[in-house]
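Single-structure report; data block below.
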Amino acid sequence: MLHYLNTIFPVRYTAMGLSCFGLLLSIFSLVAFGVGIPAFLLFAALVATGVYDLQQTKRSILRNYPIIGHLRFTMEFIRPEIRQYFIESDTDANPFSRAQRSLVYQRAKGDPDKRPFGTQLDVHAEGYEWINHSLAPTRLSTHDFRITIGADRAQPYSCSVFNISAMSFGALSANAIQALNAGAKRGGFAHDTGEGSISVHHRTHGGDLIWEVASGYFGCRNDDGTFNADKFAVNARDPQVKMIEIKLSQGAKPGHGGVLPGAKVTPEIAEARGVPVGVDCVSPASHSAFSTPIEMMEFVERLRQLSGGKPTGIKLCIGHPWEWFAMVKAMLATGIVPDFIVVDGAEGGTGAAPVEFTDHVGSPLQEGLLLVHNTLRGVGLRDKIKIGCAGKVVTAFDIARMMALGADWCNSARGFMFSLGCLQAQTCHTGHCPTGVTTQDPVRQQALVVPDKATRVYNFHQQTLHALQELVQAAGVNHPAEITAHHIVRRSGDHKVQSLAQLILTQLPDRALLESDLQALPIIYRQTWPLAAPQSFLLQSEPLQALPA
């Protein structure tokens, strides 16, 4: 019901208005006719409830929907029985099931996240996965698992293995950005700015930032939309900025640009992005600062130098494999390597996108991550480049699984949105977010109380890493980086049980692409690797000569 009310008007004050009107009507009836005492008491109770809802800070829904919002929590109480017999199970609903969302809510609130009576998953179903445990479990002193990115740079970064993925100010509300950053500050993990650049709300609490520089060059652009090195250097050298991330594509809509309509370009958004107020803000589909793989690597090095030696990398959703191979060949040809690569899965995406892009464009995270990891192994660069990933990562098992497939760390966007109170109403692009997470409406934003939600962001991160610590201990290792594809087991369609290491056919030995016979490698390398060139993103009809060393 709230979803439909939400699309019509905010009822934050409407419910109060109706209650006060009813209270006055009841008083008049009581005085004029001597009747209406039950009605008077009822509406007095409603007014008291409404006043309390507006003042409390724990539940965004009740602040935006006083009185009426209680219907949701009433339904939450009785819904398990209704759903169990008539509607759906905890494992139904997309893109995130009720069980996944509930786990985030529990951890964010600091509530117990244990569940009795066994798993609700079908352990005999195709695709069911588990992690093998050890009879000699380890005992770890901390859950604060970290990796060092850019160890050879002037300003390396000690990064948590679980961080906030890219979400821009403009896509998220000011209060949401502040709560995320305050939680990151308290927990010592990173907050990716998204392509909307660094706003005053990112700076308020001082949490670590990964500055995402995309094709619009927001925060470092000239008036014509091209890259401005001087503006970049000013922002990049801010001590709060720990790493620079060049966004090539995103999982929500890879290969597709974007437009923030001028009506939504507020003074705050305009200041952060360096664009005029009230004018359409365009994110092109491709970069203007480079047009070839070699130029891309030179741009990586340029930003690294302008930032004062901070770790600099790229983010992409894998599309044409030859384009990725061309980037790797450019690394070999120039000797320039990014400090990190973030692989964004096509199942990811907090922003709105055309349905065809959401459903059918880009490689899912597993396939993209494996291709990046194995290609870097195949050319001997894997130990020089850290790999991050994002795409429906919300639980400790999700993190362990992705690290087993080759990731060094994981990012989460929607998981941290849930920790802020997101209900998966899927009205993010309308401005009608019922919890104040993805709206610029100042009234709706008031529902999201920054100190309370910052604590929930911190709790979600901490409790998820506590759960990861327990998984790592149970597997008998000392760090999630030691979990491999041999630890994760899957039941396949023919009911065979195999480790991911057995199921993955694209594992490459170190330097195999340089020193082995290509005909002995998987078909994607046999057919495509020879036709990728560092001088062009285009697939070549025949191999180009390598650049001189």
The exposure ranking of Leu172, Leu405, fewest beta-carbon neighbours within 10 Å first, is Leu405, Leu172
Lysines whose Cα lies under 16 Å from that of Lys109, excluding same-chain neighbours fewer than 8 positions away: Lys58, Lys453
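Between rounded, prolate and oblate, where does segment 226-368 land on the alpha carbon gyration tensor, with a ≥ b ≥ c its root eigenvalues, rounded for a/c under 1.5, else prolate if a/b exceeds b/c? Spell out each step's value before the answer.
Working: a/c = 1.92, a/b = 1.06, b/c = 1.81.
In terms of gyration-tensor shape, oblate.
Sort Ile294, Ile131 so that the residue with the fewest other Cβ atoms within 10 Å of its own Cβ comes first and the one with the most comes last.
Values: Ile294 22, Ile131 17.
Ranking Ile294, Ile131 by Cβ neighbours within 10 Å, fewest first, gives Ile131, Ile294.
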Under the Karplus relation with 6.51, -1.76 and 1.60 and θ = phi - 60°, whole-Hz ³J(HN,Hα) for segment 302-319, x at Gly and Pro, equal 4, 5, 4, 5, 5, 7, x, x, 7, x, 10, x, 10, 10, 7, 9, 5, x
Work through the residues other than Asp230 whose Cβ is under 13 Å from its Cβ and net out their charges, Lys, Arg +1 and Asp, Glu -1. +4
Under 18 Å between alpha carbons - lysine pairs in segment 183-342 that sit 8 or more apart or on different chains: 10
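Tell me the net charge near His205. Cut-off is 9 Å between Cβ atoms, His205 excluded, with +1 for each Lys or Arg and -1 for each Asp or Glu. Don't jump to the answer; show the numbers that get you there.
Numbers: positive: Lys185, Arg186, Arg203; negative: none.
After counting each charged neighbour, the total is +3.
Read-outs throughout are calculated quantities, based only on the coordinates presented, and are distinct from any laboratory measurement. The structure presented is a predicted model; accordingly, all values stated were derived computationally and were not measured. With ideal geometry, Cβ positions are generated from the backbone for all residues, glycine too; neighbour counts draw on all protein chains shown.
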